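In what follows, a single structure is set out as structure tokens and then discussed.
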Amino acid sequence: MQQAFVRLRRGETGQLPPPVENMHQLWSASEQYGVQQALSMSLVGDKAKVRHGLESVLRETEADEIMVNGQIFDHQARLHSFDLAMQVKEELLS
């Protein structure tokens, strides 16, 4: 996802690139700062971590809706991520 944001800020188009081990080779310090700011409300992790993070975000922002986006290179992993997000949503609504 970080690579996609760097490419977007550079005006580059194309498919989502595969993951890399080290982003430091791919971005400048200012690009890193900008991407980190843009992704500051992102929730990444297992189901429990995402649920805890989402509860915190909803408490802080009092938002009445959320938007889920999954910039994941592996399509099956992306589908699994969306499934987990739906499970978290159902848990929060119950």
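Considered as a group, the residues in the stretch 59-71 that are free of Cβ contacts under 8 Å to residues at least 12 places away in the same chain and at negative phi include one that is nearest to the chain's Cα centre (by Cα), and that residue is Asn69. A single entry from Leu16, Leu26 fulfils the requirement of being touching a helix residue (DSSP H, G or I) at 6+ places or on another chain (Cβ under 6 Å) and over 17 Å from Glu90 (Cα atoms): Leu16. For the stretch 13-27, the tally of residues that are assigned to a loop (DSSP other than H, G, I, E, B) and exposed (fewer than 10 other Cβ atoms within 10 Å of the Cβ) stands at 6. A count restricted to the stretch 8-20 and to residues that are more than 13 Å from Phe73 (Cβ to Cβ), within 17 Å of the chain's Cα centre (by Cα) and without any contact (Cβ under 8 Å) to a residue 12 or more places away in the chain stands at 1. For the stretch 68-94, a tally of residues being outside any helix (DSSP H, G or I) and hydroxyl-bearing (Ser, Thr, Tyr) returns 1. Pairs linking a residue in the stretch 75-90 that is closer than 14 Å to Val50 by Cα to a residue that is modelled with pLDDT under 95 and not in a helix (DSSP H, G or I), with Cβ atoms under 7 Å and 6 or more positions apart or on different chains, are Ser81/Gly70; Ser81/Ile72; Phe82/Val68; Phe82/Gly70; Ala85/Val68.
The values are calculated or read from the model by the stated rules, or taken from the named source; none is laboratory data. Everything quoted here is computed from the prediction, not taken from an experiment. For neighbour counting, all protein chains shown are included, and Cβ atoms are generated from backbone atoms with ideal geometry for every residue, glycine included.
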